[in-house]
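The values are calculated or read from the model by the stated rules, or taken from the named source; none is laboratory data. Owing to the predicted nature of the structure, the values given are computational and were not obtained by experimental measurement. Note: ideal-geometry Cβ built from the backbone for every residue, glycine included; neighbour counts use all protein chains shown.
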Amino acid sequence: MIIKGKPIADKITEDLKNELKSLKKDRNPKLSIIRVGNNPDDISYEKNAIKRCENIGIECEVITLLDDISKKEYIDILDRLNNDNLVDGILCLRPLPKNINEDEIKYFISDKKDVDCFNPINMAKIIEGDRSGFSPCTPMSVIETLKYYDVDLNGADVCVVGRSNIVGKPCSMLLLNENATVTICHSKTKDLESITSKADILIVAVGKAKMIKSNFVKENSVVIDVGINFEDGILCGDVDTDDVLDKVSMITPVPFGVGSVTTSILAKQVIKAYKNNI
Ligand code: NAP
């Protein structure tokens, strides 16, 4: 079965609209997005995020900066947004240009407004199993997808391929917090196939078009494909969907899979920040 992201995003959107209606408020929630330059991927994500948020009743502003902005100017903008009581969430579109070191900047976004888990305080909270912080939107979308389709994580053998700070690592920790038994693989893993093919649930976040073939998956397993790649100009995931489809019980497609859930998770995190802020 191909499991799509849209029903999940629609459900989260409806739930958030209802939640917002039930909250006593004298102002709407507000998200500030900081974009440096004109990267088409950033602009596309920003457009979808604004559409989703505004549909729910979240006000959005975009602060657009030139590619040659200095580290100090970027930090000054973060400071202003951190101190603005009318701003609930801040989204720093990444990667930042090379002249701005993300490893320095990430400490300057308020952890209370950090709706995509840029600040290490929020990453630490995931590791500690403290649900008061903010998780990155893509790993959260993976968890929401599994839950929506009633995949039992309790004690499940889950393999995550990829260990980036933005997807693989936090996703692994969130799965651990759901009581899954998690194995993390990466580019130095020996005999990847022998590990992935034993997993009840396989999450792939590598960035290599269709690298996961049917010999990498277990019979009747659930596969979540996080990858976004272009092969011959066509969008595809890290999993060769056609090759594994007959073997697995559920698989997310690319496009229309996990990526479709992300903006609804972003909106959910903005509402969470708003509730803490009002
Ligand atoms: P990344 O930072 O490049 O990390 C890739 C990870 O894959 C690394 O941990 C790397 O291992 C591992 N890897 C590379 N080659 C491998 C191989 N042959 N076997 C096993 N592991 C291998 O990428 P990312 O930011 O995590 O993104 C991963 C994919 O998800 C990309 O396609 C990206 O576009 C997509 N993505 C999708 C969404 C969404 O909303 N759907 C959001 C973010 C990213 P090492 O650590 O050893 O280098």
Would you mind telling me which numbered condition in (1) surrounded by 19 or more Cβ atoms within 10 Å (Cβ to Cβ); (2) assigned to a loop (DSSP other than H, G, I, E, B); (3) among the charged types (D, E, K, R) Lys247 fails? (1)
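Hand me the list of strands (runs of 3 or more DSSP E) wholly inside region 136-210 holding 2 or more residues that are within 9 Å of the ligand (Cβ to nearest atom) and either touching a residue at least 60 places away in the same chain (Cβ under 8 Å) or not polar (S, T, N, Q) (or both).
Details: elements: 157-161, 181-185, 201-204.
Once the strands (runs of 3 or more DSSP E) in region 136-210 are filtered for at least 2 residues that are within 9 Å of the ligand (Cβ to nearest atom) and either touching a residue at least 60 places away in the same chain (Cβ under 8 Å) or not polar (S, T, N, Q) (or both), what remains is 181-185.
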If you go through Pro139, Pro120, the only one that is at pLDDT 95 or above and within 11 Å of the chain's Cα centre (by Cα) is Pro139
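Does any residue of region 65-88 turn out to be of a type in the set (D, E, K, R) and closer than 29 Å to Ile251 by Cα? Show your work before the answer.
To start, the set of residues in region 65-88 that are of a type in the set (D, E, K, R) comprises 67-68, 71-73, 76, 79-80, 84, 88.
Subsequent filtering for residues that are closer than 29 Å to Ile251 by Cα retains none.
The answer is no, given that none of the residues of region 65-88 is of a type in the set (D, E, K, R) and closer than 29 Å to Ile251 by Cα.
In the list Asn277, Asn220, which residue meets the criterion of being surrounded by fewer than 24 Cβ atoms within 10 Å (Cβ to Cβ), more than 16 Å from the ligand (Cβ to nearest atom), touching a residue at least 12 places away in the same chain (Cβ under 8 Å) and on the phi > 0 side of the Ramachandran plot?
Numbers: Asn277 fails: on the phi > 0 side of the Ramachandran plot.
Within the list Asn277, Asn220, the selection yields Asn220.
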